[in-house]
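Please read the structure below before turning to the comments.
Each value in this text was obtained by applying a stated rule to the coordinates, not by laboratory testing. These numbers come from a predicted model, not from an experiment. Counting neighbours? That spans all protein chains shown, and the Cβs are built from the backbone with ideal geometry, glycine included.
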Amino acid sequence: VKSVMDNGKVTLDDIYISVKTSRKFHESRLDPIVKTWFKLAKKQTYFFTDGDDDKLNETTEGHVINTHCGHTKTRPHLSCKMGTEFDTYLASGKKWWCRFDDDNYVNPPRMVHLVNGYNWTQDICIGKLSVPLFATYYHGHIEKYKFAHGGAGCCISRPLALKMKPWCGREKLVVTTRETHMNDDCALGFIITNRLKIYITITDLLHSTREKLKNLNPDTLHEQVSLGQALGNTVNLNKVKSSKIFNHDVDPTRFMTLHCFLFPTADICKT
Ligand code: UDP
C-alpha cells in the first residue's frame, strides 16, 4: 500500500511554501497576501523576514520567521534569508519546496496541479527561465549556468534539494553568492544547472514583474500559478467578472479583486 501511495498525487500538505520578505514590506506587500491566497495555504506557508511583527505573527498564526539576516537588499542578507528558507524546508520533511517573493499572488490549487505534472521523487526544479544562458567566474574557471527568475517563484523536489545542500544552507548560500558574484536566485540556478547538471523544467505559469502583466490574456488567469505586482504593473482585471471589484486605493496590488475573481466565495468577497 505504501508504494502505491508514494506514487500517488501530492496534495497541498506535501508542499512547503516560503515567501521572502522584509519588515519594510509587511504592510504594503504582505497585507494583500494574508487577506487573499495565504488563506488557502495557511498551514503550508511561512514568511521569512528580518524584523519582528507581533500583529502579523498573530494574523498568520505564528507563520512569520525572523531570520535575523539583516534588512538590506544586499547579497549576504538576501542569500542568508533564502538559505534559511532552504534549511527550514529541509527540516519540514515535505516533498516539494515552492518559494516566492512577497510581490507574488500564488494560486495554491494551481500550484498543486503544476507539481503533480512531475514526479517528486526525481530531481526537479520547475521555474520560469530568466535568460537563455549565463556565465560566471567560479574558483578560477568560467562556468555556464541557467536560472529560474526568483521573482516568478519556483518549485524544487526534495531529492534535488538534498543534493543542493553543499552549496545552499543559511551559511553556505552566502558563500556561494559571494564566490559566484551572483544574486540568490541566480545562485540556486548555478547550483542546480552547473554543479548538479540538472535541467530546469520550464513553465509558463509563473509570472514576475519583469513581464508586462497587463498583457496577460485574462482568459488564462485561472490557470496561472503565480502573478507579480508592482506600481504600474498589475494584472488587467477590467474585462473579467470578479465577484467583487475593489477600487485601487483599497486594492492597489489588485490581489483582492483577482482573488474574488478566482475564488468568488472567499470571505473578503462578501459585501
Ligand atoms: N527583499 C528583501 N530585502 C530588501 C529588499 C527586497 O528581503 O531589502 C526581498 C523582497 O521582499 C522580495 C525580493 O527580495 O521578496 C525581491 O525584492 P523586490 O521585488 O523589491 O525587487 P526586484 O525583484 O524588483 O529586484
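Laid out as a table, the results:
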{"read-out": "Separation of the LYS39 and HIS71 label points, Cα + 7 Å toward Cβ, nm", "value": "3.0"}
{"read-out": "Debye, to nearest 20: dipole size of region 69-187, +1 on Lys, Arg Cβ, -1 on Asp, Glu Cβ", "value": "220"}
{"read-out": "Cα-Cα over 29 Å, subset of LYS20/LYS128; LYS172/LYS214; LYS35/LYS163; LYS146/LYS172", "value": "LYS172/LYS214; LYS35/LYS163"}
{"read-out": "Extreme residue, positive dipole direction of region 59-157, given options ASN107, SER157, HIS141 (C-beta unit charges)", "value": "HIS141"}
{"read-out": "Added length on full extension, which subtracts the Cα-Cα distance from 0.36 nm per residue, THR121 to LYS55", "value": "19.9 nm"}
{"read-out": "Which of ILE65, THR121, GLY83, positive extreme of dipole for region 37-125 (C-beta unit charges)", "value": "THR121"}
{"read-out": "Centre separation in Å (Cα based) which lies between region 18-82 and region 207-271", "value": "21"}
{"read-out": "Region 48-101: relative contact order in percent, alpha carbon pairs under 8 Å with at least 6 residues between", "value": "30"}
{"read-out": "Nearest-20 debye value, region 62-112 charge dipole, Cβ charges on Lys, Arg, Asp, Glu", "value": "140"}
{"read-out": "Using alpha-carbon coordinates, inclination of helix 75-92 to the longest axis of the chain, degrees", "value": "80"}
{"read-out": "Gain upon complete extension [LEU12, LYS212; 0.36 nm per residue less C-alpha separation]", "value": "69.1 nm"}
{"read-out": "Computed [θ] at 222 nm, deg cm²/dmol, the chain (DSSP H ≥ 4; -39,500 (n - 2.57); rounded to nearest 500)", "value": "-7500 deg cm²/dmol"}
{"read-out": "Amide N proximity, region 251-271 versus ASP31 label position 7 Å along Cα-to-Cβ, cut-off under 15 Å", "value": "251-257"}
{"read-out": "HN-Hα J in Hz across region 29-42 - Karplus 6.51, -1.76, 1.60, θ = phi - 60°, x for Gly and Pro", "value": "10, 7, 3, x, 6, 5, 6, 10, 5, 4, 4, 8, 8, 4"}
{"read-out": "Rounded to 5, the percent of DSSP beta bridges in the chain classed as antiparallel", "value": "50"}
{"read-out": "For region 86-152: rounded, prolate or oblate by the Cα gyration tensor [a/c cutoff 1.5]", "value": "prolate"}
{"read-out": "Nearest-ten-degree value, helix 158-168 long axis tilted from longest Cα axis of the chain", "value": "60"}
{"read-out": "Distance from region 149-164 to region 95-119 (C-alpha centre basis), Å", "value": "11"}
{"read-out": "Beta bridges per DSSP with both ends in region 121-271, % antiparallel, nearest 5", "value": "70"}
{"read-out": "Neighbour-count ranking [beta-carbon atoms within 10 angstrom, fewest first] of HIS222, HIS139", "value": "HIS139, HIS222"}
{"read-out": "Residue pairs, from the table LYS43/LYS241; LYS42/LYS81; LYS81/LYS165; LYS9/LYS212; LYS95/LYS241; LYS73/LYS239, whose Cα atoms sit over 25 Å apart", "value": "LYS43/LYS241; LYS9/LYS212; LYS95/LYS241; LYS73/LYS239"}
{"read-out": "Unit charges on C-beta of K, R, D, E only; dipole of the chain, Debye", "value": "520"}
{"read-out": "The chain, relative contact order [Cα under 8 Å, separation at least 6], %", "value": "19"}
